[in-house]
Amino acid sequence: MSHWRLDTHHQTLVFGLADGMPAALYWGPPLPADEDLAALEAAGQSMLTGGMLDALPPLTLCPEARRSFPGQPGLSLSRQGVPLHPKFGGCTAEAGAGTLSLTVTDGDAGLALTFSFEADADTGLITAATRLQASEPVEIHWLAAPVLPGPQQADEIVDIAGRWIGEFQLVRTPWAPGIRLREATTGRSGHEHPPFALFPDTGAGRTSGTVRAMAFGWSGGHRMIAEELPEGRRQIQWGHAAGSVGAQSDWTVGPLQLAVSAEAGMGGTAAAFQRHLYDRVVHWPCTPGARPVHYNCWEAVYFDHDLPVLTDIAERAAALGAERFVLDDGWFGRRDDDTSSLGDWQVDARKYPDGLKPLIEHVKSLGMSFGLWVEPEMVNRDSDLYRAHPDWALGAEDQIEGRGQRLLDMANPAVRDHLFATLDALLTAHDIDYLKWDHNRVLPAPDAAQTTGIYDLLDRLRAAHPQVEIESCASGGGRIDTGILSRTHRVWLSDSNDALERLRMQHDAALFLPAAITGAHVGPRECHNSGRILPMSFRAWVAAQRHMGLEMDPREITPDEAETLKRVISWYKSTRAWRMAGEIRTLDSADPAVTAEMQIARDGDRFVLFAGQSRASDQTLPRPLRLTALQPDARYRLSLTNPEDLPRQAHGPSALLDGPLTLSGAALMQSGIRLPWSWPATMWVVEGERL
Ligand code: GLA
């Protein structure tokens, strides 16, 4: 047999053999079950012309340089410094229900490559990985996860960039001869190049058209190459960052996750990714729908911890509706600012003379659970740990520090044992059900062993304390990838609590991340990293879109603001079960001043539309907003949840303001709805119900 296929309800992957090496002949929307794969292969062949070799070097799952491949090869190896040019072949296959693994070998070089694929029948995603096994260690300069063809009927690549307080920015680059290369070289998946990308066919948008989407599950830095070869073929490769792997005899690159949307645009791939992350990747210790409302004290007190103040804040947070109190940085060592004490995970007796128990007991008595901030992979030179073990720090003595801190060498088992013992003791001695796990600086040099070390530590801790949830934070969204998400339960999307910035970030992050894992907090009235002053209603609704929390000093809140906040929190609680398990479809808005999305329940019976006015519109009247993913012939009743947010100047007719509006799915998707007129920093919330 020389053809294989993998199918989900979203996509089909077809493989054939090219000179003994497997190649993806097709990756796209589902093909009929009886498709003639030999004919498909024949149809994909191209004639040649002058100036070419006598045959086209194959674009296999790992293109080899020795076959005169005219682009980036899928691997680059050496053994003891001598370059290797392996000749893989003799493909053997093992196929199971929804799984396929294809192995090729080069006996002379003592190498084997295994490409494995797993199709998830429920979520529709396909997961892929490449494993290299060597009889003697080889230096891995580059090894790609299974290499796939890029779409031909496509003009642009959409990948993600970002920065501190400006995460998840979409970047559109035209497909053109040569390489589009994204590389996270600093040892984290990073703010700058998060490992996610979309490959839309020409004309596809958020709600229509064919789109392919990829995510690479590795937290230690990666490289994505999207290349148009000289003769027009396109390939997409993902692997670990250059120079980070070193010599190995058994090394796996992956998981690479794949989604395809045949017609529903980026919303289709987003829904598949959100579902897969929620159902498969994240391992929940509890009912995931019931994401508790957080209170985090960072922007209220920073390092200035004072028990009476914190107990007062906890009481106010609980009265507003918070269900989990997270004690952020500043509780350990002698941590009065960010220059000291990382590594000394003992409670600061100056701030907490009787330890953390009095605060935890108070928090519990208010009906909240308790979470704690840690940054275990780091050390300050001004710490007892560093003074005792200067050799545990990673990198050169004269390295540039970040936030005055260094990394611990997570490849050293003694370091991991020490951190495990410390964190295990902390979790055993206290009633803690949540860790905010931070990582506030980049590595001195990329090093995969650092990431395998962190994964090992997280795995041990989770096995010992399976009920503890963990949030992945790295100065906000510096470590968001599907690898860390298989060991954590929430990401701190951004240190920006500015609701306007958040609205945009949440919109674009939702192309991959479900609401349940995306932390979003109501910040202070005057935002601490933009200076903007935004109304409570807007701040609260933006946070309520995702896993909601509060992160401000509740002593600043006026009675009116408290009323609003309580109302939105109680709405969050009453809708979270279906919203967190549902899907987010971001909308193509005809008005660039409006950022809109729908959250749709799994059974399709309910949805909520959020439409945020981020600035004043260019035109006078609101443009209609077309909904998506509804059943065209079903009827839906729509009600405006927050008519109280209508600005003073708005007057005249509005069907939504006047009462429920009932229309067919077709009308809602084709003609759309007109929202009431609004001021900037207003979020309209419209709930829909299928009749
Ligand atoms: C990082 C995090 C913040 C906060 C601080 C504490 O910057 O992103 O949310 O926890 O560390 O030092």
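The values are calculated or read from the model by the stated rules, or taken from the named source; none is laboratory data. In this text the structure is predicted, and so the values were computed from the model without any measurement. Every residue, glycine among them, receives a Cβ derived from its backbone with ideal geometry; neighbour counts consider all protein chains shown. Keep in mind that these areas ignore ligands, DNA and RNA; they rest on the heavy atoms of the full protein, side chains included. Shrake-Rupley method; radii C 1.70, N 1.55, O 1.52, S 1.80 Å.
A compact table of results
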{"quantity": "Every residue from the stretch 564-604 that is farther than 18 Å from A681 by Cβ and open to solvent by 40 Å² or more (accessible area, probe 1.4 Å)", "calculated": "K566, S570, K573, S574, A577, E583, D588, A590, R602, D603"}
{"quantity": "Among (1) more than 16 Å from the ligand (Cβ to nearest atom); (2) open to solvent by less than 20 Å² (accessible area, probe 1.4 Å) - the single one G395 does not satisfy", "calculated": "(2)"}
{"quantity": "Residue match in the stretch 443-465 (condition: in contact with a helix residue (DSSP H, G or I) (Cβ under 8 Å, 6 or more places away or on another chain) and more than 29 Å from I140 (Cβ to Cβ))", "calculated": "yes"}
{"quantity": "Helices (runs of 4 or more DSSP H) (entirely within the stretch 264-334) containing at least 1 residues that are away from the ligand (no atom under 16 Å from the Cβ)", "calculated": "265-276, 307-320"}
{"quantity": "Counted residues, the stretch 163-204 - those being open to solvent by 10 Å² or more (accessible area, probe 1.4 Å) and touching a helix residue (DSSP H, G or I) at 6+ places or on another chain (Cβ under 8 Å)", "calculated": "4"}
{"quantity": "Residue match in the stretch 491-500 (condition: open to solvent by less than 10 Å² (accessible area, probe 1.4 Å) and more than 16 Å from the ligand (Cβ to nearest atom))", "calculated": "yes"}
{"quantity": "Unmet requirement for H521, which otherwise passes all of (1) part of a helix (DSSP H, G or I); (2) open to solvent by 10 Å² or more (accessible area, probe 1.4 Å)", "calculated": "(1)"}
{"quantity": "Candidates R406, R416, filtered to the one that is basic (K, R) and either closer than 25 Å to G549 by Cα or more than 16 Å from the ligand (Cβ to nearest atom) (or both)", "calculated": "R416"}
{"quantity": "Residue among Y434, Y386 that is at pLDDT 95 or above, surrounded by 17 or more Cβ atoms within 10 Å (Cβ to Cβ) and either touching a helix residue (DSSP H, G or I) at 6+ places or on another chain (Cβ under 6 Å) or more than 25 Å from T482 (Cβ to Cβ) (or both)", "calculated": "Y386"}
{"quantity": "Any hit, the stretch 58-80, residues being among the aromatic types (F, W, Y) and touching a strand residue (DSSP E or B) at 6+ places or on another chain (Cβ under 8 Å)", "calculated": "no"}
{"quantity": "Failed item in (1) surrounded by fewer than 22 Cβ atoms within 10 Å (Cβ to Cβ); (2) in a strand (DSSP E or B); (3) touching a helix residue (DSSP H, G or I) at 6+ places or on another chain (Cβ under 8 Å); (4) among the small types (G, A, S), with A259 passing the rest", "calculated": "(1)"}
{"quantity": "Cβ pairs under 8 Å, 6+ apart, first in the stretch 497-523 and at pLDDT below 95, second acidic (D, E)", "calculated": "none"}
{"quantity": "Strands (runs of 3 or more DSSP E) within the stretch 113-224 that include 1 or more residues over 27 Å from G582 (Cα atoms)", "calculated": "126-143, 156-163, 166-174, 178-183"}
{"quantity": "Pair list, Cβ under 8 Å, 6 or more apart: the stretch 461-481 residue within 16 Å of the ligand (Cβ to nearest atom), other residue among the polar types (S, T, N, Q) and in a strand (DSSP E or B)", "calculated": "R479/S472; I480/S472"}
{"quantity": "The stretch 10-53: number of residues that are open to solvent by 30 Å² or more (accessible area, probe 1.4 Å), modelled with pLDDT of 95 or more and either among the acidic types (D, E) or not in a loop (DSSP other than H, G, I, E, B) (or both)", "calculated": "12"}
{"quantity": "Complete set of residues in the stretch 398-409 that are within 25 Å of the chain's Cα centre (by Cα) and surrounded by fewer than 16 Cβ atoms within 10 Å (Cβ to Cβ)", "calculated": "R403"}
{"quantity": "Residue in the stretch 533-544 that is among the hydroxyl-bearing types (S, T, Y), outside any loop (DSSP other than H, G, I, E, B) and surrounded by fewer than 24 Cβ atoms within 10 Å (Cβ to Cβ) present", "calculated": "yes"}
{"quantity": "Those residues of the stretch 438-456 which are within 16 Å of the ligand (Cβ to nearest atom) and open to solvent by less than 40 Å² (accessible area, probe 1.4 Å), in sequence order", "calculated": "D438, H439, N440, R441"}
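Per-residue answers, yes or no, for (1) under 24 Å from the mean Cα position of the chain (by Cα); (2) surrounded by fewer than 20 Cβ atoms within 10 Å (Cβ to Cβ); (3) within 30 Å of A411 (Cβ to Cβ); (4) not polar (S, T, N, Q):
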| position | (1), (2), (3), (4) |
| --- | --- |
| R275 | yes, no, no, yes |
| H294 | yes, no, no, yes |
| E323 | no, no, no, yes |
| G330 | no, no, yes, yes |
| S340 | no, yes, yes, no |
| D354 | no, yes, no, yes |
| L359 | no, no, no, yes |
| S365 | no, yes, no, no |
| E375 | yes, no, yes, yes |
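So that you can scan it fast, the table gives a plain yes or no per residue for (1) β-branched (V, I, T); (2) in contact with a Gly (Cβ under 6 Å, 6 or more places away or on another chain):
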position	(1), (2)
T311	yes, no
F325	no, no
R335	no, no
Y352	no, no
V363	yes, no
L372	no, no
P376	no, no
S383	no, yes
